[in-house]
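Notes for the one structure printed next.
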Amino acid sequence: SEALAAEGVSVPPRVLANADIRARRELDDAVLVGATDDKARGWAYFDKILAHARIQATSQTDRALAVLREYHAAENLWEHVPADVPPLLERLRASGRQLVVVSNANGRLHRMFDRVGLTSRVDVVLDSHAWGVEKPDPALFRIALEQAGASADSTVHVGDLYHVDIAGARAAGLAGAVLFDAGGLYPDADCPRVARLDELPDVLDALSQPGLSRPS
């Protein structure tokens, strides 16, 4: 919103947030995910946000997106931490769970986590760029298990893209996968879904059957 405003295009953050959910859902397609990488989908995503927010692409929006690309290359754009995230992480760790971040990122993830104060709230952070493989490739999930000293049959993955997160976790043989569906755009998904983060602990507890006592 700030980058667009600097170029004379006024659009409230809330409008862009709503467009974000729909843009990600549109890109979450099995064929598209299989044919592209996260970087390619990432910049198509911004074009789709503009479309869903009913903003016409112009030289002004091109300049705003160029600013975002430059910032992302240096810092990683995905730095907003909603207020409900830190207490949720604390609650999950207090329950005995190990928390592992498995992210398709750009090599700046660790520095960004340090900057926003999340590093100390999780146990392991995996940046796909550092490992040369990204979700949904099951190899990244297996690396995460190795780094965490965890086993697949005691691990649950939570993510917001079905064909990246749920499909990848299943291919890696994880015990479960939960879809964070804030927009309610996956009504037919064949996996547990949560619309809000505060629903997650109860869903994880329900998945904690014998042999799944401490999902990470």
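Of note:
- Number of the condition not met by Ala5 [criteria: (1) small (Gly, Ala, Ser); (2) closer than 23 Å to Trp131 by Cα; (3) modelled with pLDDT of 95 or more]: (2)
Yes or no, residue by residue, for (1) touching a His at 6+ places or on another chain (Cβ under 6 Å); (2) under 22 Å from Ala17 (Cα atoms):
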residue: Ser103; (1), (2): no, yes
residue: Gly107; (1), (2): yes, no
residue: Asp123; (1), (2): no, no
residue: Trp131; (1), (2): no, no
residue: Lys135; (1), (2): no, no
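- Residues being of a type in the set (Gly, Ala, Ser) and more than 15 Å from the chain's Cα centre (by Cα) - total across region 81-106: 4
- When Gly176 is tested against (1) open to solvent by 50 Å² or more (accessible area, probe 1.4 Å); (2) touching a strand residue (DSSP E or B) at 6+ places or on another chain (Cβ under 6 Å), exactly one condition is not met: (1).
- Test for Gly211: is it modelled with pLDDT of 95 or more, at positive phi and open to solvent by 40 Å² or more (accessible area, probe 1.4 Å): no
- Leu109 vs. criteria in contact with a helix residue (DSSP H, G or I) (Cβ under 7 Å, 6 or more places away or on another chain) and either of a type in the set (Lys, Arg) or surrounded by 16 or more Cβ atoms within 10 Å (Cβ to Cβ) (or both): no
- Complete set of residues in region 18-50 that are over 26 Å from Pro138 (Cα atoms) and surrounded by fewer than 15 Cβ atoms within 10 Å (Cβ to Cβ): Asp47
- If you go through region 53-82 and keep only what is open to solvent by 80 Å² or more (accessible area, probe 1.4 Å) and part of a helix (DSSP H, G or I), you end up with Asp62, Arg63, Arg69, Glu70, Tyr71.
- Only residues that are without any contact (Cβ under 8 Å) to a residue 60 or more places away in the chain and either charged (D, E, K, R) or surrounded by 14 or more Cβ atoms within 10 Å (Cβ to Cβ) (or both) were counted across region 3-17, and they come to 7.
- The residues of region 164-199 that are under 21 Å from Pro136 (Cβ atoms), in contact (Cβ under 8 Å) with a residue 60 or more places away in the chain and either among the aliphatic types (A, V, I, L, M) or touching a Ser or Thr at 6+ places or on another chain (Cβ under 7 Å) (or both), listed by number, are Val164, Ala167, Ala182, Leu185.
- Being in a loop (DSSP other than H, G, I, E, B), over 23 Å from Arg41 (Cα atoms), modelled with pLDDT of 95 or more and open to solvent by 40 Å² or more (accessible area, probe 1.4 Å) is a condition met by no residue of region 138-148.
- Filtered residues of region 83-98 (kept if among the aliphatic types (A, V, I, L, M) and either buried (at least 18 other Cβ atoms within 10 Å of the Cβ) or not in a loop (DSSP other than H, G, I, E, B) (or both)): Val85, Leu88, Leu89, Leu92, Ala94
- Residue match in region 191-200 (condition: surrounded by fewer than 16 Cβ atoms within 10 Å (Cβ to Cβ) and farther than 30 Å from His52 by Cβ): no
The values are calculated or read from the model by the stated rules, or taken from the named source; none is laboratory data. Predicted model, so just to flag it, every value in this text is computed and none were measured. All Cβ positions, glycine included, derive from the backbone under ideal geometry; neighbour counts span all protein chains shown. These area figures cover heavy atoms from the full protein model, side chains too; ligands, DNA and RNA do not enter into them. Shrake-Rupley method; radii C 1.70, N 1.55, O 1.52, S 1.80 Å.
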